[in-house]
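To keep things clear, I will list the structure first and then write my remarks on it.
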Amino acid sequence: MSLKFAVIKERKSPPDRRVVLTPKACKTLLDSHPEASVVVEPSEIRAFSDAEYKSLGLEVENDIITADVMIGVKEVPIEALIPNKSYFFFSHTIKKQPYNRKLLQAVLAKNITLYDHETLVNDKYHRLIGFGYYAGLVGAYNALRTIGKKFNCFALPKASELKDRYELEAALKGIELPPLKIVLTGSGRVGQGAKEILDFMQIKEQTVQAFLEESHSEPVYVQLDVLDYAIRRDGTEATKTDFFKNAQAYKSSFSSFTEVADVFIAGHFYGKGAPYFFSRAEAKAAAFKLAVVADISCDIDGPVACTIRPSSIADPIYGYDPHGECETDYKNPGAVAVMAVDNLPCELPRDASEGFGDTFVKSIIPAFFNGDKDGILSRAKMTENGKLTAAFSYLQSYVEGLE
C-alpha cells in the first residue's frame with residue numbers, strides 16, 4: 001500500500017520550532033518503507049531548514065493536498081485543516097480542554113481521522129512517544145540557572161540561546177554549585193532527563209535516609225519515587241500498585257524533604273486525586289526551606305503550591321511569597337524562585353525533534369504497513385468518519401458543549 005506523509009508547517013502562536021520528522025527521520029522512513037513518500041511543507045521557523053530537507057533529496061512543496069497523513073506537533077488552526085485527511089498532532093482535547101473544543105468540532109465536521117501523540121500507547125497503555133525526556137533535561141538545566149540567579153553565585157545563558165545539548169553541557173562545565181540539597185521527583189522520561197543533567201554535574205546522589213539525616217559540604221540530590229513522599233492515611237502498608245489504584249487514600253509526607261532541601265525539581269506525573277506535595281499553608285511553616293522550585297510538570301494551583309502560573313521561555317522565573325500567597329520578586333528574602341516553563345522541549349528544538357522523530361519512525365510508522373498488527377493506530381484513533389471512536393466516546397458531551 002502506497003502512502004504519502006506530509007511534514008506540516010507549525011502555525012500556532014507562539015511559534016514552535018520542533019518537528020516530528022527531521023530530515024534524517026524522513027530518510028529513514030523512506031529507506032525502510034519504499035512504498036511510502038514524503039512531502040515537506042516549507043517553514044521559516046522550523047529548527048531544520050528547508051535546505052536541510054532538500055539536501056537529502058526530500059520534496060519541499062507548498063502544495064501538500066495529495067498527502068494522506070499530515071504530521072505536526074502542536075494544534076493545527078481550524079482554517080488550516082484539510083478535510084478527509086489523517087492528522088497527527090497534540091490536540092490538547094483528551095482532557096476536555098475548553099479552549100480546544102472548537103478544534104475537535106472542526107476535526108469531526110471535516111471528516112478528519114485524528115491521532116493525538118498522547119494517545120499513542122502500547123497494549124499496556126503506556127505512552128510510546130513524547131518530549132518528556134527533553135523537558136526533564138532542559139528543566140534541570142533551568143533549575144541550575146535559577147539557582148545561579150537566586151543565590152547570585154554564577155550565570156548561565158538561557159537554554160534557548162544554545163544550539164544543542166553539547167553547547168548546554170559546555171555551559172554547565174563552567175559553574176560551581178554551592179552545597180545545596182536538591183530533591184528530584186519522577187522516575188519516567190522527565191525524571192530520567194533531569195537526572196542525567198544532575199549526574200553530568202557530578203552532583204552526588206544520596207539515599208533517602210542520608211539525604212534527610214546527614215549534612216554535606218558539597219551539593220547532593222535524591223531522586224524520589226511515590227512511596228518516598230506519600231503514605232496511607234490509615235497507616236497501613238503502602239504499595240505502588242495500591243497508590244495508583246487508590247491515590248485518594250494517601251497523604252503527603254513530603255514535608256520531611258521541604259524541611260531539609262533547598263531545591264525541588266518536580267518531574268513527576270500528577271494523577272487526579274493524588275496528594276499534593278505541599279499546600280500554601282505548609283509553605284508558610286517556619287521549617288519550610290525550599291528556595292528554588294523548578295516545576296517541570298507545571299500543574300497550576302495544584303500539587304506544588306508555589307506554581308501559581310506558568311512562566312515563559314522569554315521570562316522563565318518568578319517569585320512566590322509564601323506568606324502573602326502571591327507573586328513577588330524572586331530575589332526577595334523568603335521568596336521561592338519558581339521556574340515553571342510549560343514548553344521546555346522548545347528550548348532545544350533540534351535535539352528534542354531528533355529524539356521524537358527516531359521513535360516515531362521506529363514505533364509508529366510501521367503500523368501503517370503491517371496491518372496495525374499491534375493495535376497502535378486503532379488504540380490512538382480519536383475520530384473517524386466524522387464521529388468519535390468508541391474509546392473516545394467520553395468526549396461526546398464535551399464536543400456538544402454540554403460540559
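Structure values in brief
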{"item": "Options 74, 102: the member that is among the charged types (D, E, K, R) and within 17 Å of residue 346 (Cα to Cα)", "result": "74"}
{"item": "Pick from region 15-38, criterion assigned to a loop (DSSP other than H, G, I, E, B) and without any contact (Cβ under 8 Å) to a residue 60 or more places away in the chain, ranking: farthest from residue 58 (Cα to Cα)", "result": "15"}
{"item": "Elements of type helices (runs of 4 or more DSSP H) contained in region 155-254, each with 3 or more residues being surrounded by 13 or more Cβ atoms within 10 Å (Cβ to Cβ), in contact (Cβ under 8 Å) with a residue 40 or more places away in the chain and in contact with a Leu (Cβ under 9 Å, 6 or more places away or on another chain)", "result": "189-200"}
{"item": "Unmet requirement for residue 102, which otherwise passes all of (1) crowded, with 17+ Cβ neighbours inside 10 Å; (2) outside the structural domain of residue 226 (by TED's automatic domain parsing)", "result": "(1)"}
{"item": "Selection within region 240-260 - closer than 10 Å to residue 273 by Cβ and of a type in the set (A, V, I, L, M)", "result": "247, 249"}
{"item": "Every pair of residues 6+ apart whose Cβ atoms lie under 7 Å, when the first sits in region 40-53 and is under 17 Å from residue 5 (Cα atoms) while the second is of a type in the set (Val, Ile, Thr) and part of a loop (DSSP other than H, G, I, E, B)", "result": "41/8; 41/64"}
{"item": "Residue match in region 134-146 (condition: β-branched (Val, Ile, Thr), touching a residue at least 24 places away in the same chain (Cβ under 8 Å) and within 29 Å of residue 68 (Cα to Cα))", "result": "no"}
{"item": "Per-region count, region 279-319, residues in contact with a Ser or Thr (Cβ under 9 Å, 6 or more places away or on another chain), touching a residue at least 24 places away in the same chain (Cβ under 8 Å) and among the hydroxyl-bearing types (Ser, Thr, Tyr)", "result": "3"}
{"item": "Answer from 55, 49 - the residue that is at pLDDT 95 or above and more than 26 Å from residue 135 (Cα to Cα)", "result": "55"}
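Condition check ((1) free of Cβ contacts under 8 Å to residues at least 24 places away in the same chain; (2) over 19 Å from the mean Cα position of the chain (by Cα); (3) in a helix (DSSP H, G or I)) across all residues:
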{"residue": "74", "(1), (2), (3)": "no, no, no"}
{"residue": "91", "(1), (2), (3)": "no, no, no"}
{"residue": "96", "(1), (2), (3)": "no, no, no"}
{"residue": "103", "(1), (2), (3)": "no, yes, yes"}
{"residue": "111", "(1), (2), (3)": "no, yes, no"}
{"residue": "115", "(1), (2), (3)": "no, no, no"}
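The values are calculated or read from the model by the stated rules, or taken from the named source; none is laboratory data. In this text, all values refer to a predicted model and were calculated from it rather than measured experimentally. All Cβ positions, glycine included, derive from the backbone under ideal geometry; neighbour counts span all protein chains shown.
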